[in-house]
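Asker: Got a structure here, written out as structure tokens. Questions coming.
The values are calculated or read from the model by the stated rules, or taken from the named source; none is laboratory data. Please read all numbers here as calculations on a predicted model, not as lab measurements. Here the Cβ positions follow ideal geometry from the backbone for every residue, glycine too, while neighbour counts run over all protein chains shown.
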């Protein structure tokens with residue numbers, strides 16, 4: 001992810017992404033049925049958890065909204081824009097969420113969510 005004032009991707013970075021395309025494509029093919037349903041709806045496949053189900057008993061609805069966007073790969077600025085709050089508020093929410101969940105990083109958040117999905 002680029003910061004707000006970062007340079008555009010260069011040719012070497014595009015080449016690295018192209019080299020990963022077979023892996024990315026295979027992952028999308030495998031996971032597409034979980035997010036695109038035959039009836040045209042989207043979202044977690046029936047019976048699959050989302051952040052509300054995994055963390056809802058520990059987090060407020062506002063904290064779950066931030067956590068959902070984190071799990072979807074959004075950065076603080078993008079979360080702020082999506083929720084109509086400041087980037088500073090997002091950073092405070094993120095810190096509070098981690099504290100309430102007893103974790104210290106985004107990678108642990110992802111791990112806990114994935115562990116719940118595979119139970």
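Asker: One residue is enough: does segment 44-51 have a residue meeting the conditions on the phi > 0 side of the Ramachandran plot and at pLDDT below 70?
Answerer: Here is the first cut: in segment 44-51, the ones on the phi > 0 side of the Ramachandran plot are 47.
Retained after the next criterion (residues that are at pLDDT below 70): 47.
The answer is yes; a qualifying residue exists.
Asker: Is there any pair linking a residue in segment 5-28 that is at pLDDT 85 or above to one that is not in a helix (DSSP H, G or I), with Cβ under 9 Å and at least six apart or on different chains, and which?
Answerer: So the pair list comes out as 17/9.
Asker: Could you look through segment 85-94, keep only residues that are free of Cβ contacts under 8 Å to residues at least 12 places away in the same chain and not in a loop (DSSP other than H, G, I, E, B), and pick out the one that is surrounded by the fewest Cβ atoms within 10 Å (Cβ to Cβ)?
Answerer: 88
Asker: Mind checking which residues of segment 58-84 are in contact (Cβ under 8 Å) with a residue 24 or more places away in the chain and either in a helix (DSSP H, G or I) or over 14 Å from the mean Cα position of the chain (by Cα) (or both)?
Answerer: Matches in segment 58-84: 58, 59, 62, 63, 66, 67, 70, 71, 77.
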